[in-house]
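Notes follow once the structure below has been shown.
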Amino acid sequence: MSSGRCPAQGLRIELNDFSGDGQAAGGWSAWAQRDEVRPRCFVDSAHFRSAPAALAISGNDNPLEYGGWVHPIGGIEPGRFYRITAYYSAQSVPDERRQVLARLDWLDKSGRRVAQPDYAYETEAAGDWKRVTLRVPAPPQAASVRLELTLGWAPQGTVWWDDITFEEVSPPADRWVRVGTVSLHPRNNPDNVGAYLQALDAIAKDKPDIVCLGEEILNEGNSRTYLETAEPIPGPSTRRLGESARKYGMYLVAGLIERDGRAAYNTSVLIDRHGDVAGRYRKVYLPREEIEGGLTPGSSCPVFDTDFGRIGTMVCWDAEYVDPARALAVQGAEIILVPAAGGYLTLLKARALENHLYVVSSGFDVESSIIDPTGEVLFATKDSGVSKVIAINLAERFTDPWLGDMRPRFHKEMRSDIGAPLPR
């Protein structure tokens, strides 16, 4: 282990000295809540990332297994930001996202927990290994931290940890994004797109980065069928919307009926600041009325990277079910934009709260809304001809005194092996 303080970053510790016996290695010690769930912890000199030896945890044929390695670190100063970086390699672990865990447990001077632990959930490939990292502030009264590396409920699995660093870092930069929604209810308008373009002229004065428009905007408020308004993407409507996006330098999300060969989809399209189609999402959950109208459901929930962060889109009836929003959140979406003809504001609030992200909707017979990751409605209206832009900070943490930061906990505790039983 090497440590020290530098003027720019303060505390920095490299925790890569694994010399010692199987239960204690260079300041690391094996831990478990009780003997019945204790894994096998050992130093493996044959499997490592950069230098001989790594910390290994084996499930040891025990389906109850949960535990691993822990290292205490002192000299913590409340309010300062710290980052853990660690690399792991796993074998025969069915759900690494949930079963392989790096965690920071903050303690006061007497060794008592002062806040809920923080979970390192940001993971990326690093050759044959994976890199996990987390940057968080030390909570009030924190004087030390327990670094925990864990394997849980993987009886046939083994995980190796190596190249572990804990350091003081600068706070993250604010990530302000101006999100907007247009609430518009056209009635018997021969040019619905033109009506939305006028609404965009109005909302552009508030300089939004991204604006959500309604679902199936060519069909709302008139008697035209889905197939009568279906068009290719890119197509006539995306070109007109793209001109507005390019003019005002903003992203747009809008609902259209997409024609693709013989198929027709209820599609949410993303148009970038240059006016180009940057992505599309085909509504996964179709209500009976849309199936009877000749539409086909989509089969995936993609996310899209913008210049301010990662977003996803849903469409209306998707909010009735938990899995579309969950699929977007698991892929790192920070905002979900929802064109919606109808539905319930309560469901949109639930999707924001349970996935701990922002939801922005544009409704026809449901509220147009902006909702924060706690489920709090920042704006909602059913009135037509109303628009709203709100600045949100994607770097902001939303913590609960009893639960901690639920965004990482959502990622690390969610079960992917439990599903609804199919009817017989």
Margin query: Per 0.36 nm of contour for each residue apart, how much would the distance between residue 398 and residue 263 grow if the chain were fully extended, relative to their Cα-Cα spacing?
Written below: 44.4 nm
Next item on the list: Calculate the tail of P(r) for the range 179-218: the fraction of all Cα-Cα distances greater than 17 Å, expressed in %.
Entry: 25 percent
Notebook entry, point to check: So what's the net charge close to residue 379: Lys and Arg +1, Asp and Glu -1, counting the other residues with Cβ under 13 Å from its Cβ?
Noted result: -1
Next item on the list: Counting only DSSP beta bridges with both residues in the chain, tell me the antiparallel percent, nearest 5.
Entry: 85 percent
Margin query: Taking only Cα atoms of the range 5-160, what ratio of Rg to Rh do you get with Rh as the Kirkwood inverse-distance radius?
Written below: 0.96
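I'd like the chymotrypsin sites (Phe, Trp or Tyr not before Pro) in the range 315-424 restricted to DSSP loop residues with at most 16 other Cβ atoms within 10 Å, sorted by number. Present the calculation step by step, with values, prior to reporting the outcome.
Details: sites: 317, 321, 344, 358, 364, 379, 398, 402, 410; in loops: 321, 344, 364, 398, 402.
Qualifying residues, ordered by number: 321, 344, 398, 402.
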Margin query: Rounded to two decimal places and with Rh computed the Kirkwood way over Cα pairs, what is Rg over Rh for the range 115-185?
Written below: 1.12
Margin query: Using a Förster radius of 51 Å, what is the FRET efficiency between residue 62 and residue 305 based on their Cβ-Cβ separation? Nearest 0.05, please.
Written below: 0.80
Notebook entry, point to check: Can you give me the Cα centroid spacing of the range 137-167 and the range 341-406 in angstrom?
Noted result: 33 Å
Notebook entry, point to check: In the range 287-417, if every C-alpha pair distance is counted and binned at 10 Å from zero, what percent goes to each bin?
Noted result: 12, 42, 34, 10, 1
Check: Percent of accessible area on the range 43-167 owned by carbon and sulfur, 1.4 Å probe?
Finding: 46 percent
Next item on the list: Mind giving me the FRET efficiency for residue 24 and residue 276? R0 is 41 Å, r the Cβ-Cβ distance, nearest 0.05 is fine.
Entry: 0.10
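Accessible area of the range 294-424 with a 1.4 Å probe: how many percent of it is carbon plus sulfur?
53 percent
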Checklist line | Potential extension, residue 323-residue 422 segment - 0.36 nm per residue separation minus Cα distance | finding: 34.1 nm
Notebook entry, point to check: In µm²/s, what is D for the range 75-139 at 4 °C and 1.567 mPa s, where D = kT/(6 pi eta Rh) by Stokes-Einstein and Rh is the Kirkwood radius from Cα pairs?
Noted result: 98 µm²/s
Notebook entry, point to check: Summing Lys, Arg as +1 and Asp, Glu as -1, what charge do residues with Cβ under 9 Å from the Cβ of residue 368 carry, residue 368 excluded?
Noted result: 0
Margin query: What percentages make up the Cα-Cα pair-distance distribution of the range 23-102 when the bins are 10 Å wide from 0?
Written below: 15, 44, 31, 9, 0
Item checked: Translational diffusion coefficient (Stokes-Einstein; Kirkwood radius from C-alpha pairs) of the chain at 20 °C, 1.002 mPa s, in µm²/s -> 90 µm²/s
Item checked: Contour minus Cα-Cα distance for residue 414 and residue 292 (0.36 nm per residue) -> 40.4 nm
Checklist line | Equivalent-ellipsoid semi-axes of the range 214-284, from the Cα gyration tensor, Å, largest first | finding: 21, 13, 10
Checklist line | Dipole moment magnitude, nearest 20 debye, the range 351-424 about Cα centre, only Lys, Arg, Asp, Glu C-beta charged | finding: 260 debye
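I'm checking a number: the convex hull volume of the Cα atoms of the range 159-257, normalised per residue, in Å³. What is it? Don't skip to the answer; put the middle values down first.
Working: hull volume 19.2 nm³, N = 99.
Expressed per residue, the convex hull around the Cα atoms of the range 159-257 is 194 Å³.
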Next item on the list: About the Cα centre of the chain, how large is the charge dipole given +1 on each Lys and Arg Cβ and -1 on each Asp and Glu Cβ? Please answer in debye to the nearest 20.
Entry: 400 debye
Item checked: Heavy-atom accessible area per residue - the chain, 1.4 Å, Å² -> 45 Å²
Notebook entry, point to check: Under a GNM of the chain (C-alpha, springs under 10 Å), which listed residue has the highest mean-square fluctuation: 239, 131, 288?
Noted result: 288
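The values are calculated or read from the model by the stated rules, or taken from the named source; none is laboratory data. Here the structure is a predicted model, which means the values were calculated and not measured. All Cβ positions, glycine included, derive from the backbone under ideal geometry; neighbour counts span all protein chains shown. Ligands, DNA and RNA are excluded from the accessible area calculation, which covers all protein heavy atoms including side chains. Shrake-Rupley method; radii C 1.70, N 1.55, O 1.52, S 1.80 Å.
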